[in-house]
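The values are calculated or read from the model by the stated rules, or taken from the named source; none is laboratory data. Only a predicted model underlies this, so the values are computations on that prediction, with no experimental measurement involved. No Cβ is skipped: glycine too gets one built from the backbone with ideal geometry, and neighbour counts run over all protein chains shown. Areas reflect the complete protein model, heavy atoms only, side chains present, ligands, DNA and RNA absent. Shrake-Rupley method; radii C 1.70, N 1.55, O 1.52, S 1.80 Å.
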Amino acid sequence: MSDPVVVKPPGGTGPAGAPRGAAANTPAPPPEAPIPPQTEVEPKSPHVRPGDRIFKGLATGSGVFIVALIGAIGVFLLVQAIPSLALDNVNFLFSREWSTGDVGNMRFGILDLFLVTVVSAAFALIIAMPIALGIALFLTQYAPRRLARPFAYVIDLLAAVPSIIFGLWGLFVLGPVLTPIGEWLISSLGFIPLFAKGNVSIALGGTIFTAGIVLAVMILPIITAVSREVFDRTPGPHVEGAIALGATKWEVVRTTVLPFGKAGYVSASMLGLGRALGETIALTIILSATGSSFGWSLFDGGATFASKIALAAPEFNDPRSAGAYIAAGLVLFVLTFVVNAIARSIVAGRKEYE
Amino acid sequence: MAKRIDVKDLNLFYGKFHAVQQVSLSVPPRNVTAFIGPSGCGKSTVLRSLNRMHEVAPGARVEGTVQLDGEDIYASTVDPVQVRRTIGMVFQRPNPFPTMSIRDNVVAGLKLAGVKNKKQLDEVAERSLRGANLWNEVKDRMDRPGGGLSGGQQQRLCIARAIAVQPDVLLMDEPCSALDPISTLAIEDLITELKKDYTIVIVTHNMQQAARVSDQTAFFNLLGVGQPGQLIEVDDTEKIFSNPTQKATEDYISGRFG
Ligand SMILES: Nc1ncnc2c1ncn2[C@@H]1O[C@H](COP(=O)(O)OP(=O)(O)OP(=O)(O)O)[C@@H](O)[C@H]1O
Ligand SMILES: [Mg+2]
């Protein structure tokens, strides 16, 4: 089988088929004397354009750099965390205790931090997702162009507000406003664990409930902006096809815009979730500290990974207690990584459909 | 089912731009009318005004009347969505819904109209696909995405989608321009078939196609750049192609245009 293939190039198809290596071998047989000049010139020029090579080098270089950087951060966290983990007197993953003050007897576990982080971020996502969807649909499908532009601009502006401002606003403005609502929820829906009386004073408003709503406002612009972008790209022919079939505005949205933009919307939400999981300063300000552990109520206080670490700065002078916090940071790092990977796989799944 | 179309003193605008001027013509039921003419003369614009798709473009405006069996589709009491449900449209580029299966594509219009009965939907899907000469090619993969078909198959899928709702009129805007000669012939045969049940208006740049499939031909022209397009003449296809009244028509179909 392979013999005829080897013989073929000298027969005349050389320029197309033979790469540089083959071209060096073929000039030996005399019959195709007029062809070699071509074979020698052709393979060289198209492959080694300097611009392409520089660009390829640059792109590969930056790709490798990013991966190496992320790897280095992971390794750094790991190296710092391992000695402290060895000194931990309780199970790191399943303990709710956190005391690192006495470095001779460190007892720290991340279960509570993990739960508070995930519950507050998930609560934020549940609030933000439908609102962002509504806003994105309104801006792309219903709002007149003249209105859509400034409106979108205002939403984007929300993303530019510093987290510290959100934190102060949450503590001093939103918290007090939410207190009566929280009290009402506790008294009427208190039998559901999520709405049970929490482990911090509701009068101060430093609850996961307040924190989640502030987080929702913070991630709203991210989800809205990405979804708006995706919905705007719904192919015109599909929209026209639906209209010509007699679809109403909402039916056009349902049959073309939503199926087309669904994956983009979900991955936008995952981006928002990643942001909510890592949010630090706003939650450090809002969440009330508590001595008791998380009881699955939105009216609990506590700390997330990020806020716990931020509050512990005074302890960082001892590498052993600092290592405990770095270990917690490592878990957060992995958590956001997983969320991003999920978002990415959703986006990849969407490509197949196009 | 098939209905008669009467267009009277139709003027079409895109914002300030007067795109088409003073068109009047009639299309009898169970008849194929071809729109021919140079690019930009307003064929698509007129076609899209027949199912109220014209007004979907921002700033677009319509003057004059379009009657379907004597009823003005532009009357203030008429819902454009309802009009589009009774007039099918096939576009130049096949546009099946990519996220829907072949079956769902065909019955999309019925689902919009509120039909939920699965058995009925399956029957309609089969009947429409047979009507569009596509059934044998797709019957084993009804649940695969519609975007996975070839261009010609996609166009026939779009035709199946348009006839699934049993419309009164079928509008086609250069339905074969993206297709190979064999798919083109298949669709021309299909048009001749569909003529038994539907009133058809087709835009085409292909003179032979107009001559082959249509009973009546309307020639549109542009008097100059920036001027509105006009209907030069409309007559039996045989007459237009053998002995047109207007010199411009004769020049255009004999290729002496411009
Ligand atoms: N959405 C739109 N907005 C503004 N002007 C438009 C729009 N669509 C078409 N036009 C203009 O209206 C005129 C008629 O366009 P139309 O698409 O009806 O031409 P056509 O005869 O179908 O041409 P073709 O044979 O190239 O498809 C053209 O001058 C075109 O530029
Ligand atoms: Mg056109």
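Reachable lysines from A:Lys308, Cα under 18 Å, same-chain residues fewer than 8 places away excluded?
Within the straight-line cut-off, A:Lys308 pairs with nothing.
Over chain A, calculate the relative contact order: mean separation of alpha carbon pairs under 8 Å at least 6 apart, over the residue count, as a percent.
Details: 441 pairs, mean separation 77.1, N = 354.
Relative contact order, chain A: 22 percent.
Could you give the dipole magnitude of the stretch A:71-353 about its Cα centre, charging the beta-carbon of Lys and Arg +1 and that of Asp and Glu -1, in debye to the nearest 20? Can you show the working numbers first?
Working: 17 positive and 15 negative charges, 172 e Å.
Roughly 820 debye for the stretch A:71-353.
So, with +1 on the Cβ of K and R and -1 on the Cβ of D and E, and no other charges, what is the size of the charge dipole of the stretch B:5-253 about its Cα centre, to the nearest 20 debye? Mind showing how you got there, number by number?
Numbers: 27 positive and 30 negative charges, 183 e Å.
Computed charge dipole of the stretch B:5-253: roughly 880 debye.
Compare the Cα positions of A:Ser227, B:Leu25, A:Val119 along the charge dipole of the protein assembly as shown (+1 at Cβ of Lys, Arg; -1 at Cβ of Asp, Glu; about the Cα centre) and return the one farthest towards the positive end.
A:Val119
Would you compute, from DSSP H runs of 4+ residues alone, the mean residue ellipticity of chain A at 222 nm, taking -39500 (n - 2.57) per run and dividing by the full residue count, rounded to the nearest 500? Show your work: numbers first, answer last.
Numbers: 16 runs with 236 residues, N = 354.
So the helix-based figure for chain A works out to -21500 deg cm²/dmol.
So, R0 is 22 Å and r is the distance between the beta-carbons of A:Phe172 and A:Ala289; what FRET efficiency does that work out to, to 0.05?
E(calc), rounded to 0.05, equals 0.80.
Any chance you could get the radius of gyration and Dmax over the Cα atoms of the stretch A:38-168, in Å?
Cα radius of gyration and Dmax of the stretch A:38-168 are 26.3, 79 Å respectively.
Short version: ³J(HN,Hα) in whole Hz for each residue of the stretch A:225-231, in order, from phi by Karplus 6.51 cos²θ - 1.76 cosθ + 1.60 (θ = phi - 60°), x for Gly and Pro, what are they?
Working through the residues one at a time gives 4, 5, 5, 4, 4, 5, 4 Hz.
Can you compute the label reach from B:Thr65? Point 7 Å from Cα along the Cβ direction, backbone N cut-off under 12 Å, restricted to the stretch B:218-234.
None, by backbone N distance to the label point.
How fast does chain A diffuse by Stokes-Einstein, in µm²/s, taking the Kirkwood radius from C-alpha pairs at 4 °C and 1.567 mPa s?
Estimated diffusion coefficient is 52 µm²/s.
Each label point is 7 Å from the Cα along the Cα-to-Cβ direction; what then is the distance between the points at A:Leu189 and B:Thr192, in nm?
The answer from the label model is 6.7 nm.
Return the subset of B:Lys116/B:Lys139; A:Lys262/B:Lys196; A:Lys249/B:Lys139; B:Lys43/B:Lys195 for which the Cα-Cα distance in this structure is over 30 Å, preserving the input order.
On the way: B:Lys116/B:Lys139 21 Å; A:Lys262/B:Lys196 42 Å; A:Lys249/B:Lys139 32 Å; B:Lys43/B:Lys195 21 Å.
Among B:Lys116/B:Lys139; A:Lys262/B:Lys196; A:Lys249/B:Lys139; B:Lys43/B:Lys195, the Cα-Cα distance tops 30 Å for A:Lys262/B:Lys196; A:Lys249/B:Lys139.
At what distance in nm do the modelled label points of B:Asn206 and A:Ile131 sit from each other, each positioned 7 Å from its Cα along Cα→Cβ?
Going from the B:Asn206 label point to the A:Ile131 one covers 5.6 nm.
Between B:Gln166 and B:Val115, 0.36 nm times their residue separation minus their Cα-Cα distance comes to what? Please report the intermediate quantities before stating the final value.
Values: separation 51, 0.36 × 51 = 18.36 nm, distance 1.35 nm.
Extra length from B:Gln166 to B:Val115 when fully extended: 17.0 nm.
Just to be sure I understand: if you take the accessible area of chain B alone plus chain A alone and subtract the pair, with a 1.4 Å probe, what total do you get in Å², rounded to 100?
Numbers: alone 12140 and 19640 Å², together 30080 Å².
Heavy-atom accessible area buried at this interface is about 1700 Å².
In nm, to one decimal, how far is the modelled label at B:Val56 from the one at A:Ala341, with both set 7 Å along Cα→Cβ?
Once both label points are built, they end up 4.3 nm from each other.
Report the antiparallel proportion of the DSSP beta bridges in the protein assembly as shown as a percent, rounded to a multiple of 5.
On the way: 27 of 46 bridges.
Rounded to the nearest five, the antiparallel share is 60 percent.
At R0 = 22 Å, how high is the FRET efficiency between B:Gln82 and B:Met1 if r is their beta carbon distance? Nearest 0.05 is fine.
Numbers: r = 16 Å, r/R0 = 0.73.
Here the calculated transfer efficiency is 0.85.
Take the Cβ-Cβ distance between A:Ala310 and A:Leu147 as r, set R0 to 51 Å, and report the resulting FRET efficiency rounded to the nearest 0.05.
Working: r = 40 Å, r/R0 = 0.78.
Approximately 0.80, to the nearest 0.05.
So what's the stretch B:92-251 giving for Cα Rg divided by 2.2 N^0.38 Å, two decimals? Walk me through the numbers on the way to the answer.
Working: Rg = 17.9 Å, N = 160, 2.2 N^0.38 = 15.1 Å.
Rounded to two decimals, the normalised Rg is 1.18.
Just the accessible area per residue of the stretch B:5-253, please: how many Å² with a 1.4 Å probe? Mind dumping the intermediate values first?
On the way: 10550 Å² over 249 residues.
Result: 42 Å² of accessible area for each residue.
On the accessible surface of the stretch B:131-258, probed at 1.4 Å, how many percent belong to carbon and sulfur atoms?
Values: 2630 of 5670 Å².
Summing carbon and sulfur atoms, their accessible area is 46 percent of the total for the stretch B:131-258.
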